[in-house]
Structure formats: structure tokens, C-alpha cells
């Protein structure tokens, strides 16, 4: 249908024309729209306390203590469950967050501006691996790290980024794809490239070499440091693609540990949700599927822009990490995702596939017609609060989300 | 023949058992054995002034001025051509250097210690791309950069390395192979990994944030920064493999822009030389084959340990850069080099080839029997002094070197 084709062309034009630049790090309360005190933004579509999974409730209790709204986790749970804390989805506030995706007023967020449009998107700084809040961790170690990020790392990054005029992300991602990253479960190359971009400016704007040394050590030791930058970039790229009449391109995929939700350009800001699936993957020593929480986080914005599971062909090393089969088969994931996308990205290419562009612009019609669900590379959280990451794997977006969206788009266009 | 097989097993055991660690940066005059004032170590087998190519003579003139032995380039050429300067090969002093490979007393050298044996190897710090001394550059810009490396960067790296206890290189290389480096013409991943390893320690041991910022910027901006580390590592790995009676494994390949030379374990420190070949490759804008100098540098130590052209399969992006054909064909170079090597390295693997180990231990018998010459990824220097790099390409080691070595080994074993 010509209206849909034209609309999708416009959607792809906006995606490929985006110019995302990491420009600053700012306390969320100063910059995230409509974020208030005693308010917690979380990953995925909106949901109420009683429907939240273990790690999401654990993270909410932890961040409530971190913000000083409660003196301990017990009081925090009382407040959260009795309506004293407001909840909303990150996606409703130009923000994204990995796994539980906690965004609250005092946390520093990285600011990615899409220079071609001027819109901005926000994401907190990645905490590293292991027992961290995004996987439901909430003890003193977790809160102390968040306090250090708030007091030391965030301000240092903000000063450096302002001094250097920001970091252009499109060429950085292009380079990372030639270095084995798919930018969801493997970000080691992009994390190194960001360090290369920012280290000198951090030194230039520092007056405390001890704090500087700690900050450089933290960035250097975190192979997933760039994940949250990729995410803020993804949100900055996709937000201007929303609300193109007739477009069947997915503008967001996200999950809260209970529901998986998608948004589609031609159906505005409505969420189409279905029960989230369990990842299939590999578990860290001592853990198994019995410990796993269902899939969670706004990080699927990475797949929405053609990276993560869609760029598996760039990252044979990740295939083993997420239990997706032999390294040599990684390319097949990328080829398959190409069948449900409207375009290839000529600026983000995969050298080993003779510079094939990553599949870009998930078309809900192609998903439903082909029966091929988007493949997502993901971390796996323990299902109980306070424990953290227990593995990594691959999960499919539920087909029911796409079927609902196709029906709604058809209805909007008077086709049903 | 059983003696040769046993000897080669021992050679491979020493290669794979090496534990190279980057431990320090020290002025060459304080640490390189038998390096004296008014003495210049150069790349490749030894040769006299009259037989040196243009960029080699240009670099020698430049470093003579840099060391203060002459007041200008003209006087330097007079001194060099009249016997006032002593020349020797880096390889005769536990050292290596890329392209022209200048090593002199005041230049800082990186020190790689092979912890399993205790031997050490040395290489100067990589100057970056463009007009640099290793490609024959010798003007004020080139000498000023060398002075800054001597006065600022070298001491800063030395302090940091001592403070942090060094950087283990084997796991770093393993990681770099999963990030698209082959470590000869592509070192961007390893350069980033070294920055990640050292940045925090450099901040911790710095009392001058301006100098620190400059040093971090220099390392961050140099995609080939790690090349010289790979080279010192290669020399530290291969030196203990020398002088195993009967072994047909190559312990060094090197070229001085005039001759290509190899050394073989079972024939001691004798060089087997032949006229060096011209690289086939791609030229930077404004340059062509007519400008190219024949192949040059000690950097072929990288191929001697299974990296560079031997690890092309890890680095599809480099195939285009050196003009070696389609990215998807990069693996064929690695498979072919496997035919002339005695082993695969189980710790240095290529994810996209389902974790095939890089081909390790060039056996001169296999080279001669198969007619397959080692493939080398290389930079291309302008043939006139003072200009610099003009391209990158692939070159073959001359078969005549291997034929001579086979005859000598056979003679040594009483077989001819």
C-alpha cells in the first residue's frame, strides 16, 4: 500500500539521517522532562507495583533508599507498595534504562542530542557487571557505587564532554562494528573507543588526579560501559520517527520483566504488550534457568536501530557468550533479521560480511507475514531481588505484540 | 626426520609457553645491550651506508641531528657516510624497530620481559602516522615529536608501568584478535586495550594534568600505537627459540629496504638474505607505485609469531586497507599460512573462524616444499627521504631466503 511505503521511507530517512552526539552528563532531576521527587522511572511499558518482578521491586527499594526517601529497604518497600512513590516508564520521559532501568532525580544521566532535529535522550551511567542495581542489586556496595557515580564520575564526564564539544556516536558505532561489538551484549570495543575519545579531556578538566585515576579505572574496567550510551543514542534516533501516519516501523521495543511492549510509528505512543518470554542462554557458574527472571529492560532499543541481535554477524564472539551457537553461524542471525527490516544501514556495516549494512527499521508487517520475531541479545537477572546478573542469552520479541499492532494500524487506516 | 621434528616441538613449546609482559619504558642508552653514543641501530639485516635506501638514509640523518651529533641534516649525512657513526641491526641488540627502525641512546624504549625465561626485548614508542621518522621523515616537526616522546610520554609511561606492575600481553593479544586486529597494519583494538590498561595508572602517577592530558591524547589518537608493543613482544617470544639444534623454525624475518633477511633456529644467528620485494597495495591520495620504497622494517617479527598477514582472518577490515581483496577472503590468507606453519596457537584464536588458532612457527621446509612464501602486511614508505608513509600493502618474503636456509640446515645436519 503506497501510503505505508511512503511513510516507511520517511521513517527510514529519519533513522539514517540522525546525528546523535553525546554532549553532557547532568543530574536527571535537572534535565529529564517531568521527573520529580519521589518518582521512579523504570524500564519497559508502565506497570503497577504488584505486577513487578523480583529484581524490579528490589531495585525500586534500593533506589528509594539511595534517594533518601526511606531509611532502609523495608521502609522503602512499604512506601513503594502503598502509593507513596510515583512510577512511570522511562520511555514516557525521553529516557531509557537497562534491565530494571531506574532513573531518579539525583542520578546523573548521559545526554545524547540528535543534532539534525535537536531532540535529546537520557540514560544513566552503566554500573559495571555483577551485583548492580540494574539487575536488582540493592545492598550497601551497590548504593555506594551509585553515590560515587553521582559525586565523582558523572560530574567529571560532564565537564570533559562540555570542554571537548561532545562525542559523535555514528562514526564510533561504525568503528565498533568493525571491532566485534554488536553493542548489546558486547560493547568492549565501543567502551574502549569512548575512553580514547574522553580520557584526554577528563585529564584536562580535572584538578584531582586521584579522582581522575578512579574514574579512568572505572571506565576502563567496564566492558559494558558503552551499552547505556548506545541506548541513549537509540532513543535519540527513534523518538523523531514516532507518529508518521501509516508507518509500520517499530519505534521502541521494551520490557519490564512482566510485559514486553512495542510502539509503532503509525500508531503513536500506544504500547502493544504481551507476556515477556524467558531468555535462552548460558548461565554463570552456580546458576541455572530456575534462577532466571523473565526478560527485562529498555535495552531492546539497541535492536530497534539494527544493532544487538540484528548485528550478531559483526560479533562472532558474542554468539558463544549468549549461547547462540557456533561463531560461524552469527551471520545467519543478521541475514534473518534482514527479512523483517525495511532497509540496510549504509553507514553501519559489517566487514566480514563484505560490508553488509545492519538490518534497519523493523516492519511489523514483515514480522507478522514471515513469522520471524526480532532476536534480542540480553543479560539475564536473578528472579529474586538483590542478587544480580546470572547469565546472558537470546530472547524473541513476542509475536502477539506485532499482531496487535498490525490490527491497530490497519484499523487506523480504515483497512479492517 | 626425527631430530628436526623433536627440535621443532621444542621450538613451538618455547613459543607457546612465552609470558611476555610490558614492564617499563627506559632510555635506550640505559638498557639496550652494547648500545653506545654515535651508534644507530636500524631495521633489518646489517648493511653499510652506501646500500641503504632513501628513507633509511633520511632517518639516519634525522636521528643524528636529534641526538645532537650533527647540527643539521647535511652535516649528519657527511658523518654517516664517512664512518663517524656506527651502524648495527636492532636484532643484534635484543631490539626491533618498525620501518627504518631507528634506535639510539636517548630515545625511550618499551621493555617487554618474557617472564618464563627472563629475557627482555626493546622497541621505541610508535610516533603515529604520516610524516614520521620510521618512514624516513626528518624535519623539525618529526624531531620535536621525538623530543616530546623522550621528555614527556616515555617517562610517564615508565612511571605508570612500574606502579601497576606491567601489562600482560598474551591475553591482550587474544582479546585484540576477537576485535578485528591482526596487529601489523591494524592495531586499533589493542591500542585501545593498552590505553584501558594504563590510563588510570598514568593519572595516579602524574603530577601535571596538562602533560597527562597530552600523553593520553597522543596514545588515544594513534591507531598504530600498539604495533611497537606487538613487535617488542614478538622479539621477546622468539629470542629464546634461537639455537635449537636441528630446528627448521624461523626465529626472525626482517628487512632494511634493500635486503630481506631471515634467521632460523637450527642455523643460529646467521642471516639468509635476498633482495627485498615491492609491496603490492593501495596508495594514499596523490601517490603511486612509482613513489614506493621496497619493503622495510623489523615489524615482520609480527608474522613470525603468527600475527599480521598470518592472522588476516581475524581482521577482514584490514584486507581492504592493504588491498588484499574482499573482506570475506581474509580467512584464506590465514588458511594458506597454516600450510607453512608447524602449529596453531590455542591461546590466540579467531572467533569468526570458530576459534581457529593462528598459524604459528614458520617451518622453512614447508615454505620451500609448498612454494608458499610468508604473507606480510606492511606499510609503504616513500622512496625519498623526508616524505613518509604513502600507502599500505601486502608483500611476500623472498623464497630465496628459505632455500638458502634449508641448504644450510641440511649441511649442518650432514644431509647434503
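A few points about this structure:
- Averaged over B:201-213, number of beta-carbon atoms from partner chains that fall within 10 Å: 5
- Modelled spin-label separation between residue A:75 and residue B:413, with each label point placed 7 Å from Cα along the Cα-to-Cβ direction: 8.2 nm.
- Take each residue of peptide B:186-199, count the partner chain Cβ atoms within 10 Å of its Cβ, and average: the result is 5.
- Chain A: C-alpha gyration tensor shape, a/c 1.5 cut-off, then a/b vs b/c: rounded
- Directionally averaged projected area (convex hull, Cα atoms, segment B:1-137), nm²: 10.1
- Label-point spacing at residue A:148 relative to the other copies reads 3.3 nm, in ascending order, each point sitting 7 Å out from Cα along Cα→Cβ.
- Cα centroid of segment B:7-24 to Cα centroid of segment B:250-303, whole Å: 23
- In nm, spacing of pseudo-spin labels at residue A:245 and residue B:36 (7 Å Cα→C-beta vector): 8.9
- Closest approach of a chain A beta carbon to the axis mapping chain A onto chain B (residue, whole Å): A:192, 2.
- Other protein chain Cβ atoms within 10 Å, averaged over every residue that makes up B:318-324: 1
- Put in order of Cβ neighbour count within 10 Å, fewest first, the listed residues B:355, B:122 become B:355, B:122.
- Gyration tensor over the Cα atoms of segment A:19-232: the corresponding equivalent ellipsoid has semi-axes (square roots of 5 times the eigenvalues, largest first) of 28, 18, 16 Å.
- Förster radius 41 Å - calculated FRET efficiency between residue A:2 and residue B:174, Cβ distance, rounded to 0.05: 0.20
- Footprinting exposure proxy ranking of A:339, B:10, fewest other C-beta atoms within 10 angstrom first, gives A:339, B:10.
- Segment B:140-185 - Kirkwood radius from inverse mean 1/r over Cα pairs (Å): 13.0
- Only beta bridges with both residues in segment B:19-232 are counted; by DSSP, about 75 percent of them are antiparallel.
- Rounded Å value of the spacing that divides the Cα centres of segment B:47-92 and segment B:330-393: 31
- Alpha-carbon Rg with Dmax, taken over segment B:314-353, Å: 10.8, 29
- For segment A:73-168, the Rg and Dmax computed from alpha carbons only, in angstrom: 15.2, 46
- Convex hull volume per residue, computed on the Cα atoms of segment A:147-256, equals 136 Å³.
- Where both bridge residues fall in chain B, DSSP classifies roughly 90% of the beta bridges as antiparallel.
- Each pair of Cα atoms in segment A:370-416 enters the Kirkwood radius, and Stokes-Einstein at 25 °C and 0.890 mPa s then converts it into a translational diffusion coefficient of 184 µm²/s.
- At R0 = 41 Å, FRET efficiency that the Cβ-Cβ distance of residue A:278 and residue A:19 yields, to 0.05: 0.65
- Ellipticity estimate at 222 nm from DSSP helix runs (n ≥ 4, -39,500 (n - 2.57)) divided over chain B, nearest 500: -11000 deg cm²/dmol
- Tail beyond 19 Å, pair distance distribution of segment A:335-416 (Cα, percent): 55
- Rg/Rh ratio calculated on Cα atoms of segment B:251-325 (Kirkwood radius): 1.02
- Mean-position separation - Cα centroids, segment A:136-187 and segment B:308-322, in angstrom: 30
- Nearest-first distances (nm) between copies at residue A:49, label 7 Å from Cα via Cβ: 8.8
- Sites residue B:143 and residue A:207 - FRET efficiency at Förster radius 30 Å, r taken between beta-carbons, to 0.05: 0.35
- Across the protein assembly as shown, Cα-Cα distances exceeding 55 Å account for 16% of all pairs.
- Using all pairs of distinct alpha-carbon atoms, the Kirkwood hydrodynamic radius of segment B:242-412 works out to 16.3 angstrom.
Read-outs: derived from the displayed coordinates by stated rules, not from any lab. Note that the coordinates shown come from a computational prediction; the quantities given were computed from them, not determined experimentally. With ideal geometry, Cβ positions are generated from the backbone for all residues, glycine too; neighbour counts draw on all protein chains shown.
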